[in-house]
1. Can you find a residue that is in contact with a Lys or Arg (Cβ under 9 Å, 6 or more places away or on another chain) and open to solvent by 30 Å² or more (accessible area, probe 1.4 Å) anywhere in the stretch 1-14?
2. Do we find that Leu177 is among the hydrophobic types (A, V, I, L, M, F, W, C), open to solvent by 50 Å² or more (accessible area, probe 1.4 Å) and in contact with a Phe, Trp or Tyr (Cβ under 8 Å, 6 or more places away or on another chain) in this structure?
3. In the stretch 29-72, what count of residues is obtained for those that are assigned to a helix (DSSP H, G or I) and charged (D, E, K, R)?
4. Report yes if some residue within the stretch 197-219 is within 25 Å of Cys44 (Cα to Cα) and within 14 Å of the chain's Cα centre (by Cα); otherwise report no.
5. If the requirement is being closer than 19 Å to Phe156 by Cα and crowded, with 17+ Cβ neighbours inside 10 Å, which of these qualifies: Leu69, Leu40, Leu73?
6. So Arg84 fits all but one of (1) in contact with a Leu (Cβ under 9 Å, 6 or more places away or on another chain); (2) open to solvent by less than 80 Å² (accessible area, probe 1.4 Å); (3) basic (Lys, Arg); what number is the exception?
7. Which residues, taken from the stretch 187-236, are β-branched (Val, Ile, Thr), within 28 Å of Pro107 (Cβ to Cβ) and open to solvent by 40 Å² or more (accessible area, probe 1.4 Å)?
8. Filter the stretch 43-66 down to the residues that are closer than 30 Å to Ala157 by Cα and touching a residue at least 40 places away in the same chain (Cβ under 8 Å), then identify the one that is least open to solvent (accessible area, probe 1.4 Å).
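The values are calculated or read from the model by the stated rules, or taken from the named source; none is laboratory data. Predicted model, so just to flag it, every value in this text is computed and none were measured. Cβ placement follows ideal geometry from the backbone for every residue including glycine, while neighbour counts extend to all protein chains displayed. For the accessible areas, the whole protein counts, side chains as well, though only heavy atoms, and no ligand, DNA or RNA atoms are used. Shrake-Rupley method; radii C 1.70, N 1.55, O 1.52, S 1.80 Å.
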Amino acid sequence: MAERKLPKRLYIDVSVIAIDEGYGIALDGNVFKTPAATVLFTECLPLIEAIAMEWEGQKIEIDIQSLPLFRLLVASIDDVGPKREEVNRKTLQFGATDLLCYRAQDPPDLINRQEKKWQPIINWAEEELNVSFRVTDGISPITQSQKTLCAMGDVFATLTDLEMTAVSSVVTATSSLIVGLALMADVILPDTAAEISILDEVYQMERWGKDKNVSDRHDQIRKEICLAYRLLRTLQ
């Protein structure tokens, strides 16, 4: 299969422009629009300045992978905003089957590792949301209370589309809504969020040897968490 060619950089000037009560980007004076033909817009000046730097940093070709903040802003405008209720619902489903609520039955050292790394985050979430999470050992499904799910859903209602884009990205990457909320609240940092979410697989590789495919996926999880955290901190 032939390697897909990257689009050429055909613009010279990148500028931040005022749009209504916020900011956008112009390339050679032309207002930038998303793939859905919506004007690229944010109320956060530091974010649009960072995105402008991403576009300014493109060389002969445009590599979309080197435009991470731009991709998140586009996702919030084209994908999250128009489907906000659906995004909220799908993200909340991770709370119903949160990774941190499913513990190992053995061996003891894995059980202890989960208790040490996972339980403090659950304790924080319970206190923060005034709820109680049901925890089980094994893979049999458990049901979280309606009060717990509603409390997590209420948090979503306070988030902007950009914040929801970041949180949903973390939740999807880690399979834990609790981790996503803790990262947003700055209770944990990206390295800890990643460590928590890949704890079981890291333990297995310590016992049976490394798996390159798993390690590569862990690297991708770390990148997604770090990018979402960067966006959340830029929005502050």
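1. Yes, the stretch 1-14 contains a residue that is in contact with a Lys or Arg (Cβ under 9 Å, 6 or more places away or on another chain) and open to solvent by 30 Å² or more (accessible area, probe 1.4 Å).
2. In short, no.
3. Total meeting the criteria: 4.
4. no
5. Every option except Leu73 fails the conditions.
6. It fails just one condition, (1).
7. Thr192, Val202
8. Applying the filter and picking the extreme gives Leu47.
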